[in-house]
Amino acid sequence: MKNNKVVIGLDVRYLLPAVIASVAALLGLALPYASAGGRSITVWTLAGGAAGIGKPLALIGAIALIASAALAVVNFLNRSVAGVRAWVAAAAVATVCYTVLIIGSKSAIDGGDLLGTPFLVKYFGLGYWLALAISYVALIFAMKTAKINVGYIVLVILSIIWLFPILWILITAFRAESGFYVGYFIPRGFTVSNFSALFSNESVLPFGKWYVNTLIVASAGCVINTLIILGVAFVLSRTRFTGRNLFIRILMVIGMFPGFMSMLAVYNILKGVGLNQSLVALIIVGAAGAAMGYHICKGFFDTMPKAMDEAATIDGATKWQLFTKITAPLSKPIIIYTVLTNFLGAWSDYIFPSILFGDKQANYTVAVGLKWMTESRRIDTYYTQFAAGAVTVAVPIVVLFIWLQRYYVEGLSGSVKG
Amino acid sequence: MGEKTKSLEKSNNLLKIFTNGDIFTKLSFIIFGAANIAHKQIVKGLVYLGLEVAYIAYMATTGLSAMGMLGTLGTVEQGMALNPATGIFETIEGDNSMLILLFGVIACVITAAFVCLWLVTIYSGETARLLDGKGKRVPTIVDDVRELFDGSIHKLLLAIPVIGLVVFTVMPLIYMVLMAFTNYDSSHQPPGNLFTWVGMDNFKMLVASGGSLSSTFWPILGWTMIWGFVASFSCYFGGMFLAILINSKGIGLKKMWRTFFVITMAIPSFITLLVVATMLGDRGILNVLLQNWGFSTSALPFLSDKTWARCTVIIVNLWVGVPVTMLMVTGILMNIPAELYEAARIDGANPWVQFRKITFPYMWFVTTPYLISNLIGNFNNFGVIYFLTGGGPMTLDYYKGAGKTDLLVTWLYKLTKDSKDYNLAATIGILIFIISATFTLISFNLSKAATNEEGFQ
């Protein structure tokens, strides 16, 4: 009878499988942890004789497994919210330790020379795999019992995968040892000289100049392009005129050609008017194609009630006044979205600048410049500086992006409507 | 009397305008703005006339000869010739086929613009005549300018975009499309050599020759298709899964989790892709770590083996693309009425059934157009392929420079930038256009969005 006691905050349906799994995971402690060439070890060998990070991991993992099993039994006999929470914590510690051991075992086993041969993942024995798999099952059921969303496990794993490259580039940017190839993840020494080198060595690597170039192009571009997009979207959404449908169709057809197919011709035209290899050309070409991006903005304008325009027209407003006094002031989210995407676009635009500037290094934008630094014959010299450059470019943009994220989401989900 | 009223009706038929109009109308078919000047629109008429004079001057000096040379694309090859006057060999400049084609296209576009101007002036003159004939006030130039901010606001706001599009998009596109019908390849490079019209030869060579070109084209097209579908759908479902996960009840700190993934999106994609490419190389950190951790004894060919590389680009594309879909889906999820889920829960539907019966149908309905434009975008996804693998691994089975992960677009880029086979690049561009157009037409038929455009207002 006592076993069926209902406790608020617990879901007892999952209690039994959770208890069974937690206890079953103990099997892993007795079975061989790894074996090779006739020698085999248990997790206790690792916890006792290993070197480096492997030793505490194995010890904590094993103890946490025991603790989780013990807490499982305790909760099975007398359940309480606090008890189950403690159990989940123990199971989580065990799971994390065993998961990290998959990458930490080699150094631990080889360091203590426990197997006699260099360790490989395929030498893991039944004891390890059982403990790993069952500890996940136990954790999931224990979390379900405690009514904690199991999604956390997936989110943690995914976040690590997503943030790993970013962590790597951050670490590399502060790495003291230069060179592309290093046989370890954590640098031997940290320094900020990669950043100072980027901005001090103007003759070889004019990164400061590239940065300013990109800033100029992005700032000019986002203002001009936004004005053009707003104008086109307003006209196509709020007015009707002869040739409107034809214009929309023509834009659609143009959009179906690969954008940079025409870059050779554009390059020749720019050369003809003496604008090749210049930043102005980049801004002009960007503005010339801006109208193609009117869709999202038009979709937004389409949702504004027509009655507003009609009322203003009766009061004697001209179309220009409708645009500047009514539509534009009500479109703050979409304006911010357009400015933001155009600003970001200038930072990552690679194809056209790479064609346009050719070998004129001083006019490069950061995209072209950073790609230049990772070419195979330069990568060993510049890799840490490349990382520093990437961080320098990314940080302001990430801050800007996260700050204005709300508008970006609105624009993005608006885009699928229209 | 009867005939006079008839002639004051507005007509769009050029012939009717000509026969009904007065002498100035007839004159305005040849001398632009004649009707405007005669009917009190002097400034406007003079502007039209000025434009006509400018066009004639342009055609007389350069335009006509530029158009005339389009037929042959140049006949005089650069080379050495004996100069009879001095008795020594001198370099002859020769014709530059590339410039001839470019100037020819410019002349044609200007002529097309001139024809449009011709129509505009005739209609404008006719309007002025009718107003004048009815005794109404003919708008002056000041009125016209004022009208630009009201009824004709489209002329004001579209002027700059249209000029920009014509000069930097339409004209170059015409130029490149024409190039697909020439032999402007690496062995016909101006100014040293001439190139000329070859008709459909490039298309035949690419699609049906059985030679190295068509045995490059078809596999690349096949991979482009596989890539497009797998990349789009994996990101779509991956993003949807992630959004639903973060949005689900009981997950705390939603904003923090979202930010973790959004960071990868905020960093310019070329940076993340370059970084990931260096991480995945044979000596990159991932291979180093895998060996340090005992997963493998030698470097894994993430980017240097055909199958590995293809899987790698798809997985890395997930890493780049899932956050975008996640953000988009997050916005849409908030539009689904919460009562639907409430009712479903009461009826005992588990989360999977809720997803299948509520979330997914709604999502699918709303996002079909997005999915198709995303599909076309992925066919043309230059960045992921170019920055990650550069199209590699290279192979001798393919035409020079193309690799096993190359898409049609990256091959186009390489043909333009590295091997200078512009005719092939242009041909591929046209084929990409045909593919995109096909999918766009399908999406238009699938989605009702195009038909109820007015529905929201």
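Quick note: the coordinates plus some simple rules give every number you see, no bench work behind them. Remember, predicted model here, so these are calculated numbers, not experimental data. Cβ sites come from the backbone with ideal geometry, for glycine too, and all protein chains shown count toward neighbours.
Taking the Cα of B:V115, stepping 7 Å toward and past its beta carbon, and measuring to each backbone N in region A:212-249: which are under 11 Å? Of the residues in region A:212-249, none has backbone N under 11 Å from the label point off B:V115. Compared with the rule-of-thumb size 2.2 N^0.38 Å for a compact globular protein, region B:245-366 has a Cα radius of gyration ratio of 1.44. Let me know the whole percent of all Cα-Cα pairs from region A:128-206 that are separated by more than 22 Å. Above the 22 Å cut-off, region A:128-206 has 54 percent of its Cα pairs. In region B:404-447, Rg over Rh equals 1.15, where Rg is the alpha-carbon radius of gyration and Rh the Kirkwood radius from pairwise Cα distances. Projecting label points 7 angstrom from Cα along Cα→Cβ for B:V198 and B:I56 puts them 4.3 nm apart.
Per-residue ellipticity at 222 nm computed for chain B from its helices equals -20000 deg cm²/dmol, with DSSP H segments shorter than 4 residues left out and the rest contributing -39,500 (n - 2.57).
At 4 °C and 1.567 mPa s, what whole-number value in µm²/s does Stokes-Einstein give for the translational diffusion of region A:189-233, with Rh from the Kirkwood sum over Cα pairs?
101 µm²/s
About its Cα centre, the protein assembly as shown has a charge dipole of approximately 2500 debye under the convention of +1 per Lys or Arg Cβ and -1 per Asp or Glu Cβ, with nothing else charged.
Looking only at Cα atoms, what is the convex hull volume of region A:272-360 per residue, in Å³? Before the final figure, lay out the partial values.
Values: hull volume 10.7 nm³, N = 89.
It is 120 Å³ per residue.
The orientation-averaged projection of the convex hull spanning the C-alpha atoms of region B:62-193 amounts to 13.0 square nanometres.
Per residue, the convex hull spanned by the Cα atoms of region B:131-171 measures out at 94 cubic angstrom.
Just to be sure I understand the curve: with the Debye formula and one point per C-alpha of region B:294-369, what is log10 I(q)/I(0) at q = 0.15, 0.22, 0.25, 0.27 Å⁻¹? The calculated log intensity ratios at q = 0.15, 0.22, 0.25, 0.27 Å⁻¹ are -0.70, -1.01, -1.14, -1.21. Cα-based radius of gyration for region A:146-276, normalised by 2.2 N^0.38 Å, reads 1.76.
Roughly how big is region B:223-348's charge dipole about its Cα centre, with Cβ charges of +1 (Lys, Arg) and -1 (Asp, Glu), in debye to the nearest 20?
Details: 8 positive and 5 negative charges, 43 e Å.
Magnitude of the dipole: close to 200 debye.
Using 0.36 nm per residue of separation minus the Cα-Cα distance, give me the extension gain between B:A338 and B:E77 in nm, one decimal.
Gain on extension, B:A338 to B:E77, equals 86.5 nm.
Considering only B:C116, B:A57, B:L82, and ranking their Cα positions along the charge dipole of region B:1-116 that arises from unit charges at the beta-carbon of Lys, Arg, Asp and Glu, the one farthest toward the positive end is B:C116. Scaled to the compact-protein estimate 2.2 N^0.38 Å, what is the alpha-carbon radius of gyration of region A:85-157, rounded to two decimal places? This ratio for region A:85-157 stands at 1.30.
Viscosity 0.692 mPa s, temperature 37 °C: give me the Stokes-Einstein translational D for region A:347-387 in µm²/s, with Rh taken as the Kirkwood radius over C-alpha pairs. If you can, show how the numbers build up before the last one.
Numbers: Rh = 10.5 Å.
The estimated diffusion coefficient comes to 313 µm²/s.
Across every direction, the projection of the convex hull enclosing the Cα atoms of region A:228-289 has a mean area of 5.2 nm². Considered as an equivalent ellipsoid built on the Cα gyration tensor, region A:259-418 has semi-axes of 39, 21, 12 Å, the largest given first. Entry for chain B at q = 0.09, 0.14 Å⁻¹: log10 I(q)/I(0) = -0.91, -1.28, Debye formula applied to identical alpha-carbon scatterers, no solvent contribution. In chain A, the inverse of the mean reciprocal separation of distinct Cα atoms equals 27.1 Å; this is its Kirkwood hydrodynamic radius. Here the dipole of region A:278-416 is about 120 debye; that uses its Cα centre as origin and unit charges on the Cβ of Lys and Arg (positive) and Asp and Glu (negative).
If we count trypsin sites (Lys or Arg not before Pro) as exposed when they sit in a DSSP loop and have at most 12 other beta carbons within 10 Å, what is the longest stretch of chain A that avoids them all?
A:6-187
How large is the helix-only mean residue ellipticity at 222 nm for chain A, computed as the sum of -39500 (n - 2.57) over DSSP H runs with n ≥ 4, divided by its residue count, in deg cm²/dmol to the nearest 500?
Details: 19 runs with 278 residues, N = 418.
Rounded to the nearest 500, the figure is -21500 deg cm²/dmol.
Average projected area of the Cα convex hull of the protein assembly as shown, in nm²?
Working: hull surface 201.4 nm².
Computed as one quarter of the Cα hull surface, the answer is 50.3 nm².
Length available on full extension from A:A82 to A:T99: 0.36 nm per residue minus the Cα-Cα distance, which gives 3.6 nm.
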